[in-house]
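One structure is given below, encoded as structure tokens.
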Amino acid sequence: MTIDVIALTQEMVRTPSFSGEEGSMASLVEQHMRDLGFDEIHRDENGSVLGLIGPADTDVAVLFDGHMDVVPVVGEWSIEPFGGEIRDGRLYGRGSTDMKGGIAAAMCGVAQAAATGRLTQRVAVSASVMEEVVEGFALAPVLDRCSPAAVVICEPSKLQIKSGQKGRMEILLTFEGTPAHAASPECGENPLHAAARALIALQDLQLPTHASLGNALLVPTDIVSTPYPSISMIPTATTIRFDRRTLPGETSQDVLSEIEVQLRAAGLERFTLSVTGDKVRTFTGCCARPFRWLPAWQIADDHALVSAAGRAVQSAGRVASLGTWRFCTNGSESAGRRGIPTIGLGPGNEEDAHTIDESIALDQLEGARDIYRALALELAGA
């Protein structure tokens with residue numbers, strides 16, 4: 001059965017799927033995978049859907065991965081966020097770019113490749129959960145099941161081949177205080193003062209840089225005292241959360257050590273540093289505390305996977321070009337943790353993700369479908 005990539009993306013956009021609420025979207029993906037001829041379909045304990053197609057009992061040559069969850073709808077939209085409206089060559093709605101268009105294009109393109117009868121190995125498409133909460137967590141069991149030789153992350157890239165991405169690390173810096181009445185602050189030790197000094201000291205921290213991925217980043221994202229609110233009392237502790245964007249070769253211990261050295265040099269004491277492991281709960285009810293150390297990765301420009309992607313882009317009538325992502329993706333699991341050859345390549349503009357009136361160009365959807373078809377044949381065909 002042939003399913004149009006634009007109509008499929010519309011149907012996906014019209015199916016709300018916030019993080020932890022992807023059940024309806026998972027059912028839709030399963031149904032259309034069956035319609036498209038995927039002969040093996042799994043839904044794992046987290047709720048991620050994996051479809052396989054091609055000759056039975058052969059290895060999986062490539063996995064095309066996308067995530068089903070979308071971020072909340074905020075701000076004043078001029079269109080219905082889940083309407084899937086098409087206007088002036090663009091499809092509008094939450095998740096159109098990030099990244100239901102990529103999943104739809106992968107499903108259609110891979111099905112078209114299989115329909116040629118030229119596949120000699122299996123090809124997989126995954127629609128994973130909770131990526132907007134913690135990247136890579138839900139992809140891990142998918143990779144365990146299908147063991148692909150290569151991975152394509154279908155996040156928006158303007159159809160450019162992405163050869164790498166920064167990693168991400170969530171860090172908690174907690175200063176201990178000594179409680180006292182706010183009317184007698186001299187009787188205690190206020191951790192807020194230490195936190196303020198720390199923020200100033202860490203502004204001067206020298207971070208590494210990378211030729212193609214740019215500068216590492218350390219960004220404070222929130223600060224909370226314990227207890228909160230602390231009424232008429234010096235708090236017992238204050239915690240700053242940092243988002244640290246990492247580069248290839250950095251380890252979690254490297255990152256924590258350089259922060260500690262900087263704080264000690266500023267005369268700060270009575271603090272602890274840790275990587276977050278906040279609890280996540282999937283729509284299936286599974287709970288976990290994934291470690292928020294999501295490694296950066298990069299693949300060589302002359303790697304066989306990059307070359308194959310370049311040929312696929314050209315065969316689809318597009319111009320092949322290379323770049324990198326500034327944000328983090330499920331590639332942190334496939335490439336960063338496991339070393340599986342991985343590239344990024346998807347429809348849509350990165351800058352349109354998470355925006356008001358999110359949209360994707362119809363031409364990009366059709367282009368991604370054609371490229372995925374060609375790449376599946378490149379990697380798994382005769």
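The values are calculated or read from the model by the stated rules, or taken from the named source; none is laboratory data. Bear in mind that the values here come from a model prediction, so they are computed numbers and not experimental data. Positions of Cβ are backbone-derived with ideal geometry, glycine not excepted, and every protein chain shown enters the neighbour counts. In case anyone asks, the SASA skips ligands and DNA or RNA and just uses the protein heavy atoms, side chains included. Shrake-Rupley method; radii C 1.70, N 1.55, O 1.52, S 1.80 Å.
Odds and ends about this structure:
- Which numbered condition M233 misses (of (1) more than 20 Å from G167 (Cα to Cα); (2) within 31 Å of the chain's Cα centre (by Cα); (3) of a type outside the set (K, R)): (2)
- Number of positions in segment 18-67 that are surrounded by fewer than 23 Cβ atoms within 10 Å (Cβ to Cβ), touching a residue at least 24 places away in the same chain (Cβ under 8 Å) and at positive phi: 2
- Of all residues making up segment 139-163, the number that are among the basic types (K, R) and surrounded by 24 or more Cβ atoms within 10 Å (Cβ to Cβ): 1
- Exactly one residue out of T174, T221 is without any contact (Cβ under 8 Å) to a residue 24 or more places away in the chain and either within 29 Å of W325 (Cβ to Cβ) or open to solvent by less than 40 Å² (accessible area, probe 1.4 Å) (or both), and it is T221.
- The single condition from (1) open to solvent by 50 Å² or more (accessible area, probe 1.4 Å); (2) at pLDDT below 95 that S230 fails is (1).
- Apart from one condition, G136 fits all of (1) within 20 Å of the chain's Cα centre (by Cα); (2) open to solvent by 10 Å² or more (accessible area, probe 1.4 Å); (3) farther than 23 Å from V313 by Cβ; the exception is (2).
- Close pairs (7 angstrom Cβ cut-off, 6 or more residues apart or separate chains): over 18 Å from L375 (Cα atoms) in segment 340-353, among the acidic types (D, E) and not in a helix (DSSP H, G or I) anywhere: D352/E358
- Per-region count, segment 354-376, residues touching a Ser or Thr at 6+ places or on another chain (Cβ under 7 Å) and either without any contact (Cβ under 8 Å) to a residue 40 or more places away in the chain or of a type outside the set (S, T, Y) (or both): 5
- Search result, residues across segment 370-382 that are surrounded by 21 or more Cβ atoms within 10 Å (Cβ to Cβ), more than 14 Å from S157 (Cα to Cα) and among the hydrophobic types (A, V, I, L, M, F, W, C): A374, L375, A376, L377, L379, A380
- Matching strands (runs of 3 or more DSSP E) fully within segment 267-369 where at least 2 residues are open to solvent by 30 Å² or more (accessible area, probe 1.4 Å), at pLDDT 95 or above and touching a His at 6+ places or on another chain (Cβ under 8 Å): none
- Residue match in segment 168-190 (condition: under 30 Å from T9 (Cβ atoms) and not hydroxyl-bearing (S, T, Y)): yes
- Residue match in segment 185-206 (condition: among the β-branched types (V, I, T), out of contact with any Lys or Arg (no Cβ under 8 Å at 6 or more places or on another chain) and assigned to a strand (DSSP E or B)): no
- For segment 243-266, residues that are in a loop (DSSP other than H, G, I, E, B) and closer than 22 Å to F137 by Cα total 5.
- In segment 87-110, the qualifying residues are those that are in a loop (DSSP other than H, G, I, E, B) and open to solvent by 10 Å² or more (accessible area, probe 1.4 Å), and the one that is farthest from L379 (Cα to Cα) is D88.
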